[in-house]
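Reviewing the structure listed below.
The values are calculated or read from the model by the stated rules, or taken from the named source; none is laboratory data. As the structure is a prediction and not an experimental result, all values here were calculated from the model. Every residue, glycine among them, receives a Cβ derived from its backbone with ideal geometry; neighbour counts consider all protein chains shown.
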Amino acid sequence: MFSLSNLVKYIGSGKDAKDAEEVVITSGKFYLIRYKSKVRRLCLFNNAQLAIRKAGVEYQHQLIVSRLYDEGEEPDSDEEIDDEQIFLADELLKFHRSKYDGKDSFLWNDVQDAHREDYEFVVDDSKKEKISIEDVVKYFAMCAWERRNNRPYNLALEGEIKDIIESMADDTGDLADAINDLSVSVKKGIPEEEGIPEVNLPEAPSDEVKGTLIDDGVGELFIFDPHTSSFVFCEGNTRASVVKTKKFVYWMNVSSEKGPVITQLVEPNMNAIFNHDHTSLIWNYFDTNGLPYSFSIVFEDASNFSALHCALAQAAYETVNQSPWSKVGEAEKNYMLSVNQNNAEMDVESDFEFDQSQEDVIEDVYTKDGSVIYGHKEYSEDEDEKQGREESDEEDSQSDDEDESSPEDLDAAHWDSKHKNSKLAVGYNHDRSFVLRGNQIGVFRHTDDDNLEFDTTINGIDDTKGNEFLPSNMMLHEQDQSMILSNPNQPNNLYRMDVEYGKVVDEWTVHEDIPTNIVVPDSKYAPTTSNKTLVGLSHNSIYRIDPRLPGQKCVDDEFKMYASKPNFTCAATTESGHIVVAGEKGTVQLFDRIGPRAKTALPALGDSIIGIDVTADGRYLVATCKTYLLLVDTKVQDDPKGRNGFQKSFPKDKKPVPKRLCLQPSHVVYMKSSNANSDLTFTPARFNTAPHDSDHAHRGERLIVTSSGQFVITWNLNKVLKTGRGDIYSIRKYPDNVVADNFKFGQDRSIIVTLPNDVTMIQRKDLQKPTRKSLAIQTPVRKLRSNNTIVNSPY
């Protein structure tokens, strides 16, 4: 048996984590205990080991449970949890000795989960361990003492380690008791000597908002603590209710036995997320000063959960659509309710394969004295992401100094200081990116080492008659030799700029009576060819544009006009030329060609769709709304020919339910805290482009990129499909709001990011899992390379 003096050598050495010795229990089983679930005990790892080792921060240690594989056994890529589960060695875990089925075990809380869960490691009594159960607990207590006091164990007073062991062993009940213990952080404030600030509730209203009750639900209320990056218990027996105060206006009241806690108008910035598996709701609340909070209610049962879910769905629908919920059919209602849940898995069968190898990712728990503390792993990184990080490590180490430099000053004679950057077009055939600023276009070359280099400026955009205008849209065409421009003062016309010449050389009247609001390529990769034709849209029409026609360029026999007012807002095309069109009311329609009616029309959710993209094969769509994205699988299930919604209509009761991709309300708290004036507003999301390789095989799109405010955000498509979760993403902060972003053509390693006065290329590996630290750190804008002095402050 180890004595405490023998254990001292394991801690306080100041070595890096990789050099540190560790305490190990070599064999056992790892369980998740769910106190509110019908299946109370779930075996996560049938064969596992437990270790306590030093972290990468001084005086911090990690409790790590690792899955073990028998000789010759291969890891299962379909496993839903990572092969290592990592926890911060802290007193809050209540790590203590226990018993299960007559065997020794270790039991601890998951302090980051608001849903009453514990973990238990049951020791294999058939194996002889080098360290006793008692000494593992002693070692953990020593690590916890170092963490609490930020100094080596040998400075501890007599009896302090014993006190920690006893305090952790006191909590042998379920997680409900643990959460109640943690509630002092809200009700009384954490003791000052622990150094963690008190979590403040917003000022409570004097009374609830009065109105017609729609429905309510009862449960336990939690509030997100940004200091610990976790939800902590706030109040039990809390009632959340939705009331209607006047036509199409709804409020949500949250009250405990002590009185009202909050009341708020039902509107999109609530960012409400429901989880059926945990019967919970998480949402954002903003006080009168705009300060952000994130609350969660874990409902007593499924009926309470369903009641509030339906009530909020009705309130949200009527608020956005200004139309009665009663006029919506039952099938459409169920469709909308399904979209708002964050736990349904999607079909992952596809024409391309993903490598599911995994890499450790650990999450911040909280920061004390400015140091980052590490905690429980939330999700893994796939091999493709890992490879992207490794490929550019060497080049990044060579360019770190350059990355942190500021751009050179702008020569006012070369760049328009009156306007801001507004649009981005990424080249297809030539490694160039084009940024629109007023009536000028900045041209930037993509270097071989994935940087941007200023090339030239196209000055003074004007029409063929010499009249200058400020383009509202631009699109590359004909192998990057042409740029199609829209003039808001002449909405029925389009303008073709010769990119090499830098001048508008053609002016086309598309239709004398119909404005062209949207222009997209004939097919997804048509811009890589010499194809001349385009697809145009007005607010209620879709048509082919052929600039070779005399007079009007609209093709008469490829023209579709709607008598209703769909108010089209965006469109995209597949590699085969199929068209997806979205509208102001959230409509999404799939066409196999222009003219006939849509093959598929998805139920409108009400929120305006401001951008849409589609994979080359048409399998997946991503639609952008203001506060969330929608990912749609267009495959028609059970179709023997394997067709999608562009080629075949869905059965009425089997339309695909979109997966909602959104930011976690707790992350919105961090984001709003750094920029209180910035609302959550996404830019149009894009898939990475992945054309055919040299063997004519389609590599498949893997990532989605968008931005909101100062943050660039990416979702891993495979991760969303495998887990069913739309709130797992990577993120990067910039010093200013992001105007536009897109992947470099043909790969997913580099992302071009446009700010109001800058443009840069970021490597995908530089995006991180969202934590308190990563959401606060701003990315320095990379210094652009130039042979002259006109690379300037806008870039």
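Counting only residues that are without any contact (Cβ under 8 Å) to a residue 40 or more places away in the chain, surrounded by 21 or more Cβ atoms within 10 Å (Cβ to Cβ) and within 19 Å of ASN473 (Cα to Cα), how many does the range 584-617 have?
0
Please give the strands (runs of 3 or more DSSP E) falling wholly within the range 501-557 in which 2 or more residues are touching a Phe, Trp or Tyr at 6+ places or on another chain (Cβ under 9 Å).
Hits in the range 501-557: 503-509, 534-537, 541-545.
Can you tell me which residues in the range 445-478 are farther than 24 Å from LYS420 by Cβ and surrounded by fewer than 16 Cβ atoms within 10 Å (Cβ to Cβ)?
THR447, ASP448, ASP449, THR464, LYS465, GLY466
Here is a check on your reading of the model: is ALA331 in a helix (DSSP H, G or I) and farther than 23 Å from PHE682 by Cα? Write out each step before concluding.
On the way: in a helix (DSSP H, G or I): yes; farther than 23 Å from PHE682 by Cα: yes.
In short, yes.
Pull up the range 207-225, narrow it to residues that are touching a helix residue (DSSP H, G or I) at 6+ places or on another chain (Cβ under 7 Å) and of a type outside the set (Val, Ile, Thr), then point me to the one that is farthest from CYS310 (Cα to Cα).
The residue in question is ASP225.
All but one of (1) touching a helix residue (DSSP H, G or I) at 6+ places or on another chain (Cβ under 9 Å); (2) in a strand (DSSP E or B) hold for ALA623, so report the exception by its number.
Result: ALA623 passes all but (1).
Output the residue which, of all residues in the range 512-544 that are farther than 22 Å from GLY618 by Cα and touching an Asp or Glu at 6+ places or on another chain (Cβ under 9 Å), is surrounded by the most Cβ atoms within 10 Å (Cβ to Cβ).
Among them, the one singled out is HIS539.
Residues being in contact with a helix residue (DSSP H, G or I) (Cβ under 6 Å, 6 or more places away or on another chain), at pLDDT 90 or above and crowded, with 20+ Cβ neighbours inside 10 Å: count how many of those fall in the range 92-116.
5
Residue by residue, here is whether (1) at pLDDT 85 or above; (2) over 24 Å from the mean Cα position of the chain (by Cα); (3) outside any helix (DSSP H, G or I) holds:
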| position | (1), (2), (3) |
| --- | --- |
| ILE752 | yes, no, yes |
| MET761 | yes, no, yes |
| SER774 | no, no, yes |
| ASN787 | no, yes, yes |
| PRO794 | no, yes, yes |
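Residues that are free of Cβ contacts under 8 Å to residues at least 60 places away in the same chain: find the strands (runs of 3 or more DSSP E) completely inside the range 93-154 holding 3 or more of those.
It comes to 103-109.
Can you spot a residue in the range 497-505 that is modelled with pLDDT of 95 or more, of a type outside the set (Lys, Arg) and in contact with a Pro (Cβ under 7 Å, 6 or more places away or on another chain)?
Among the residues of the range 497-505, not one is modelled with pLDDT of 95 or more, of a type outside the set (Lys, Arg) and in contact with a Pro (Cβ under 7 Å, 6 or more places away or on another chain), which makes the answer no.
Name the residues in the range 224-239 that are more than 23 Å from THR627 (Cα to Cα) and part of a strand (DSSP E or B), would you? Let's see the steps before the verdict.
Taking the range 224-239 as the starting set, the residues that turn out to be more than 23 Å from THR627 (Cα to Cα) are 227-228, 232-239.
Hits for the range 224-239 are VAL232, PHE233, CYS234, GLU235, GLY236, ASN237, THR238, ARG239.
Name the pairs whose Cβ atoms lie under 8 Å apart, with the first residue in the range 206-232 and surrounded by fewer than 20 Cβ atoms within 10 Å (Cβ to Cβ), the second of a type in the set (Asp, Glu), and 6 or more positions between them or separate chains?
Note: pairs meeting the criteria are VAL218/GLU300.
Filtering the range 634-686 down to residues that are among the small types (Gly, Ala, Ser) and assigned to a loop (DSSP other than H, G, I, E, B), which residue is farthest from THR288 (Cα to Cα)?
Step one: list which residues in the range 634-686 are among the small types (Gly, Ala, Ser), which gives 642, 645, 649, 666, 673-674, 676, 678, 685.
Applying the additional criterion that residues be assigned to a loop (DSSP other than H, G, I, E, B) yields 642, 645, 649, 676, 678, 685.
On the way: GLY642: 53, GLY645: 46, SER649: 48, ALA676: 12, SER678: 15, ALA685: 31 Å.
The selected residue is GLY642.
Do you know which of the residues in the range 666-711 that are among the β-branched types (Val, Ile, Thr) and at pLDDT below 95 is surrounded by the most Cβ atoms within 10 Å (Cβ to Cβ)?
Looking at residues that are among the β-branched types (Val, Ile, Thr) and at pLDDT below 95, I get VAL668.
Could you tell me which residue of the range 590-624 is farthest from ASP741 (Cα to Cα), considering only residues that are in contact with a Phe, Trp or Tyr (Cβ under 8 Å, 6 or more places away or on another chain) and polar (S, T, N, Q)?
Among residues in the range 590-624 that are in contact with a Phe, Trp or Tyr (Cβ under 8 Å, 6 or more places away or on another chain) and polar (S, T, N, Q), the one farthest from ASP741 (Cα to Cα) is THR600.
Quickly run through the range 584-610 and pick out the residues that are under 21 Å from GLU267 (Cβ atoms) and at pLDDT 95 or above.
Correct list: ILE609, ILE610.
Quick one: is THR288 assigned to a loop (DSSP other than H, G, I, E, B), assigned by TED's automatic domain parsing to the domain that holds LYS333 and under 22 Å from ASP110 (Cα atoms)?
Taking the combined requirement at face value, the residue does not satisfy it.
Looking at ARG67, is it within 24 Å of ILE165 (Cα to Cα), assigned by TED's automatic domain parsing to the domain that holds ARG151 and at pLDDT 65 or above?
Against the criterion (within 24 Å of ILE165 (Cα to Cα), assigned by TED's automatic domain parsing to the domain that holds ARG151 and at pLDDT 65 or above), ARG67 does not qualify.
Do you know which of the residues in the range 263-304 that are of a type in the set (Val, Ile, Thr) and crowded, with 20+ Cβ neighbours inside 10 Å is nearest to the chain's Cα centre (by Cα)?
So, considering only residues that are of a type in the set (Val, Ile, Thr) and crowded, with 20+ Cβ neighbours inside 10 Å, the one nearest to the chain's Cα centre (by Cα) is ILE273.
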